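K.L.:
I'd like to ask some things about the structure below.
The values are calculated or read from the model by the stated rules, or taken from the named source; none is laboratory data. Since the structure is predicted, the reported quantities are computational estimates derived from the model, not experimental observations. Cβ placement follows ideal geometry from the backbone for every residue including glycine, while neighbour counts extend to all protein chains displayed. These area figures cover heavy atoms from the full protein model, side chains too; ligands, DNA and RNA do not enter into them. Shrake-Rupley method; radii C 1.70, N 1.55, O 1.52, S 1.80 Å.
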Amino acid sequence: MSAARPTSSRNARKPTPWIRHGIAAAAVLVLLAGGAYVYRKRGAEAAAGAYRTVPVERGDIRVAISSTGTLSAISTVTVGSQVSGQVTDVLVDFNDQVKKNQIIARIDPKTYEAQIAQGNAQVSSARASLNQAQATLLNAELDYRRKSDLGARQLVARSDVDLAKAALDQARAQVNAAQAAIRQQTASTQTTQVNLDRTVIRSPVDGVVLTRSIEPGQTVAASLQAPELFTIAEDLAKMKIELAVDEADIGQVRAGQNVSFTVDAFPDRQFRGTVEQVRLSATTTNNVVTYPVVVTVDNSDGTLLPGLTVNAEIEVSRRDDVLKISNAALRYKPADEAQSPAAAAPQQAGGPRGGTGVLDDLSRTASSLKLNADQQAAFETALDAVRARQAARQAQATQQGGNRLFGGGGGGGGNRGGGGIAVMGGPGAGNMQAQMRQRMADRFKEDFATFRGTLDEAQRKQWDGALSGLLNAKRVQLYKLVDGQPQAVMVRIGASDGTSTEISGGGLKAGDAIVAGEKARG
């Protein structure tokens, strides 16, 4: 048998021409697609490189008002002297702890002791006069009885009876005068005894001696006003700060707000307090109006001292775990829009697209109310009804827009110059926005009336405040960077700490790049 012959390569089947052309065309398409992708990517990178951006972040925003004040005791008592005399003893010194009714000083009592002795002698003399008057009265009564009997039998003249009656009345008057003299002298002696007791100076409260302004041997004169001898702080475990808050910020301060402060004596420590009272007694200094705000401080460890100057921050608002953006992004406007005053003015949430994101914020508010099962069910029912109505309106608006696109709708579309609809940014824009906000507020109150009726008083107050804040919140236009180009989005703005501002709505999420400015082009 002969070996099989190997097949010659020249006899192998060659690719047909159309296959070769297809492969070449595919290669060309791949190259073109790659080039286009690279071109678009470089163009997007170039466009993106023309803008300065800041990211949307999630975090906390703390809004605080700065002010200065002075630490002092909650209650400070000034101890004076109600009597004049020479100080014989001073029994306490600075920083001494004292108890109520504890003797802290003495004034020479000799003058008042002598006056009491004199008064006692006068009382004794008045009592002797009383005894004499009573004896005279007894004699006059007996004489009158005798003469009255004799007069009845006509044995004495009627004039003798009348004289006896007059003598009796005179004796009774002398007894009354003697008794009045005793009471007068007794009262005078008691007054002197009170002044004698006042020569012993006692502490009116439990506390600490802050100041002492007398020395033994010093004479005090209380003829015109009570001289100040000591200043006693009632309790240094609790202290207060009186802050001077500017009139522009006082509207944000409420009792119960948290306060953090520092003192120069302890620069590495931060202390905390609570707003106790916002006083109405305004003070004007160099045309600057300030209001006193009293802050209570726990000083149970005794670190803080009266008189220290504090630098305080009143926390008027705190928003935790919210979306926030740098304030630079709020100031950015494209060159073509920066010329328009209407574009630069912030809008209210009641304006166009005012309902965007409000329901989500209301859901977060409801979650913070700690609702029970019935309240949660009522809220979800109202929420579903509102979302269904908004979806129906959006579908209707889309359909009407399509009809107008194909010639339907007559002349009803657009802004009519004389048709009574105010153009945004025109003279009637403010009134129109106010009316839209009011209509939206009325509608939300109607939609959630059943749910609101299930809340207690505290929950209802929190709900009403949140709803009012959302509907009256300002809206601004930001520019989100999408494929290298700024895309306008409308968001609501909330609390701001001066660096960052809370935002919501607009479909933004953490990490989105927001345009904050344009880079200089070479």
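K.L.:
For region 454-468, give me each residue that is without any contact (Cβ under 8 Å) to a residue 24 or more places away in the chain and assigned to a helix (DSSP H, G or I). Steps first, answer last, please.
P.N.:
Going through region 454-468, the residues without any contact (Cβ under 8 Å) to a residue 24 or more places away in the chain turn out to be 456-458, 460-461, 464-465.
Of everything in region 454-468, those that are without any contact (Cβ under 8 Å) to a residue 24 or more places away in the chain and assigned to a helix (DSSP H, G or I) turn out to be 457, 458, 460, 461, 464, 465.
K.L.:
Could you please find all residues in region 488-500 being crowded, with 21+ Cβ neighbours inside 10 Å and not small (Gly, Ala, Ser)?
P.N.:
The answer is 491, 492, 493.
K.L.:
Going through region 44-59 one residue at a time, which ones are open to solvent by 70 Å² or more (accessible area, probe 1.4 Å) and modelled with pLDDT of 90 or more?
P.N.:
57, 58
K.L.:
Report, ordered by the first and then the second residue, all pairs with beta carbons closer than 6 Å, sequence separation of six or more or different chains, a first member in region 173-186 that is under 10 Å from residue 123 (Cα atoms) and of a type in the set (Val, Ile, Thr), and a second member that is in a helix (DSSP H, G or I) and open to solvent by 60 Å² or more (accessible area, probe 1.4 Å).
P.N.:
From region 173-186, the pairs are 182/127.
K.L.:
Filter region 282-299 down to residues that are of a type in the set (S, T, N, Q) and more than 12 Å from residue 245 (Cα to Cα) and give me whichever is modelled with the highest pLDDT. Please lay out each step first, then the result.
P.N.:
Within region 282-299, the first condition is being of a type in the set (S, T, N, Q), and the residues that meet it are 283-287, 290, 296, 299.
Applying the additional criterion that residues be more than 12 Å from residue 245 (Cα to Cα) yields 285-287, 296, 299.
Working: 285: 89, 286: 90, 287: 91, 296: 95, 299: 92.
The selected residue is 296.
K.L.:
Let me ask something else. Find the strands (runs of 3 or more DSSP E) located wholly in region 188-276 whose residues include 2 or more that are more than 16 Å from residue 105 (Cα to Cα), and list them.
P.N.:
Where strands (runs of 3 or more DSSP E) fall fully within region 188-276 and carry at least 2 residues being more than 16 Å from residue 105 (Cα to Cα), they are 238-246, 258-263.
K.L.:
In contact with a helix residue (DSSP H, G or I) (Cβ under 9 Å, 6 or more places away or on another chain) and not in a strand (DSSP E or B) - does that describe any residue in region 87-102? Give the steps one after another, and end with the answer.
P.N.:
Going residue by residue through region 87-102, those that are in contact with a helix residue (DSSP H, G or I) (Cβ under 9 Å, 6 or more places away or on another chain) are none.
Among the residues of region 87-102, not one is in contact with a helix residue (DSSP H, G or I) (Cβ under 9 Å, 6 or more places away or on another chain) and not in a strand (DSSP E or B), which makes the answer no.
K.L.:
Listed residues 154, 190, 185; which is open to solvent by 60 Å² or more (accessible area, probe 1.4 Å), out of contact with any Cys (no Cβ under 7 Å at 6 or more places or on another chain) and within 17 Å of residue 115 (Cβ to Cβ)?
P.N.:
Working: 154 fails: within 17 Å of residue 115 (Cβ to Cβ); 185 fails: open to solvent by 60 Å² or more (accessible area, probe 1.4 Å).
Just one listed residue meets the conditions, 190.
K.L.:
Conditions: (1) of a type in the set (Ser, Thr, Tyr); (2) crowded, with 19+ Cβ neighbours inside 10 Å; (3) modelled with pLDDT of 90 or more. Residue 70 meets all but one. Number of the miss?
P.N.:
Checking residue 70 against (1) of a type in the set (Ser, Thr, Tyr); (2) crowded, with 19+ Cβ neighbours inside 10 Å; (3) modelled with pLDDT of 90 or more, the one that fails is (2).
K.L.:
Still on this structure: Looking at region 296-315, I want the residues that are farther than 11 Å from residue 72 by Cβ and open to solvent by 40 Å² or more (accessible area, probe 1.4 Å) and have a partner that is hydrophobic (A, V, I, L, M, F, W, C) and part of a loop (DSSP other than H, G, I, E, B) with Cβ atoms under 7 Å, at least 6 apart or on another chain. Which pairs are those?
P.N.:
Taking only residues 6 or more apart or on different chains, the pairs are 300/237; 302/236.
K.L.:
Quick check on this structure: which one of 203, 159 is polar (S, T, N, Q) and more than 30 Å from residue 92 (Cα to Cα)? So that I can check it myself, show each step before the final result.
P.N.:
Numbers: 203 fails: more than 30 Å from residue 92 (Cα to Cα).
When all the criteria are applied, what remains is 159.
K.L.:
Next up: With respect to the numbered conditions (1) within 60 Å of the chain's Cα centre (by Cα); (2) more than 22 Å from residue 198 (Cβ to Cβ), which one is the sole condition not fulfilled by residue 145?
P.N.:
The failed condition is (1).
K.L.:
Report yes if residue 179 is assigned to a helix (DSSP H, G or I) and either surrounded by fewer than 12 Cβ atoms within 10 Å (Cβ to Cβ) or at pLDDT 90 or above (or both), otherwise no. So that I can check it myself, show each step before the final result.
P.N.:
Working: assigned to a helix (DSSP H, G or I): yes; either surrounded by fewer than 12 Cβ atoms within 10 Å (Cβ to Cβ) or at pLDDT 90 or above (or both): yes.
Here the answer is yes, as residue 179 does meet what is asked.
K.L.:
Does region 376-396 include one or more residues that are small (Gly, Ala, Ser), in contact with a Gly (Cβ under 9 Å, 6 or more places away or on another chain) and at pLDDT 75 or above? So that I can check it myself, show each step before the final result.
P.N.:
Keep residues of region 376-396 that are small (Gly, Ala, Ser), which gives 377-378, 382, 385, 388, 391-392, 395.
Adding the requirement that they be in contact with a Gly (Cβ under 9 Å, 6 or more places away or on another chain) leaves 378.
The next check asks that each one be at pLDDT 75 or above; those that pass are 378.
So far as region 376-396 goes, yes, one or more of its residues are small (Gly, Ala, Ser), in contact with a Gly (Cβ under 9 Å, 6 or more places away or on another chain) and at pLDDT 75 or above.
K.L.:
Restricting to region 259-280, and then to whatever is among the polar types (S, T, N, Q) and open to solvent by less than 70 Å² (accessible area, probe 1.4 Å), can you tell me which residue is farthest from residue 231 (Cα to Cα)? Walk me through how you get there before you give the answer.
P.N.:
Taking region 259-280 first, the residues among the polar types (S, T, N, Q) are 260, 262, 270, 274, 277.
Checking which are open to solvent by less than 70 Å² (accessible area, probe 1.4 Å) leaves us with 260, 262, 274.
Values: 260: 29, 262: 26, 274: 26 Å.
Filtering first and then ranking leaves 260.
K.L.:
Moving to a separate point now. Looking only at region 302-336, which residues are farther than 30 Å from residue 501 by Cβ and at pLDDT 90 or above?
P.N.:
Let us first name the residues in region 302-336 that are farther than 30 Å from residue 501 by Cβ, namely 302-309.
Scanning region 302-336 gives 303, 304, 305, 306, 307, 308, 309.
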